[in-house]
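A.B. asks: Below is one structure. I have some questions about it.
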């Protein structure tokens, strides 16, 4: 991949439905070039799909946070299956380092957020958590 591919991917991340003609103008290349680049990126697996990002209901009033979760022993798969069932868990990632799992949470109020954290901390096999409330977005669309 070259600079043009990376710039194209950046534009598609912001809006994967952007017309090829607009992408071509933004990149300073022909529509045929953009189309062939997209096709090649899909064929090689660099782009594995296009998706829809939904706006959360009342998104401006939601409490969002990242919760780092440390798991005891070998129960990660069981705990992840349990966490997936929490409606407030928007995204869930496994990771390395001190923490084993990172969860992105969303709630309607601080009280609801507190209850979600309490429930997560009660899951058997979770040894510790560290939470950071997300204050404001500096870059979006990913």
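The values are calculated or read from the model by the stated rules, or taken from the named source; none is laboratory data. What you see is a predicted model, and the numbers here were worked out from it, not measured in a lab. A quick note on method: Cβ atoms are made from the backbone with ideal geometry, for glycine too, and the neighbour counts reach across all protein chains shown.
A.B. asks: Kindly indicate whether any position in region 123-131 is outside any helix (DSSP H, G or I), within 30 Å of residue 50 (Cα to Cα) and either out of contact with any strand residue (DSSP E or B) (no Cβ under 9 Å at 6 or more places or on another chain) or modelled with pLDDT of 90 or more (or both).
C.D. replies: The answer is no; no qualifying residue exists.
A.B. asks: Turning to a different aspect of this structure: Assuming residue 75 fulfils every condition listed in (1) modelled with pLDDT under 90; (2) in the same structural domain as residue 118 (by TED's automatic domain parsing); (3) surrounded by fewer than 12 Cβ atoms within 10 Å (Cβ to Cβ) apart from one, which condition is it?
C.D. replies: So residue 75 meets the others, but not (3).
A.B. asks: Still on this model: What do you reckon, is residue 138 within 25 Å of residue 10 (Cβ to Cβ), at pLDDT below 95 and either outside any strand (DSSP E or B) or in contact with a strand residue (DSSP E or B) (Cβ under 7 Å, 6 or more places away or on another chain) (or both)?
C.D. replies: Spelling it out, residue 138 is indeed within 25 Å of residue 10 (Cβ to Cβ), at pLDDT below 95 and either outside any strand (DSSP E or B) or in contact with a strand residue (DSSP E or B) (Cβ under 7 Å, 6 or more places away or on another chain) (or both).
Each row is one residue, and each column tells you yes or no for (1) in the same structural domain as residue 11 (by TED's automatic domain parsing); (2) without any contact (Cβ under 8 Å) to a residue 24 or more places away in the chain; (3) surrounded by fewer than 12 Cβ atoms within 10 Å (Cβ to Cβ).
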{"site": "37", "(1), (2), (3)": "yes, no, no"}
{"site": "65", "(1), (2), (3)": "no, no, no"}
{"site": "80", "(1), (2), (3)": "no, yes, no"}
{"site": "122", "(1), (2), (3)": "no, yes, yes"}
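A.B. asks: Here is a further query. How many residues, within region 83-112, are crowded, with 17+ Cβ neighbours inside 10 Å and more than 19 Å from the chain's Cα centre (by Cα)?
C.D. replies: Qualifying residue count for the region: 0.
A.B. asks: Continuing with the same structure: Does residue 11 qualify as being out of contact with any helix residue (DSSP H, G or I) (no Cβ under 7 Å at 6 or more places or on another chain), modelled with pLDDT of 85 or more, closer than 30 Å to residue 133 by Cα and surrounded by 10 or more Cβ atoms within 10 Å (Cβ to Cβ)?
C.D. replies: no
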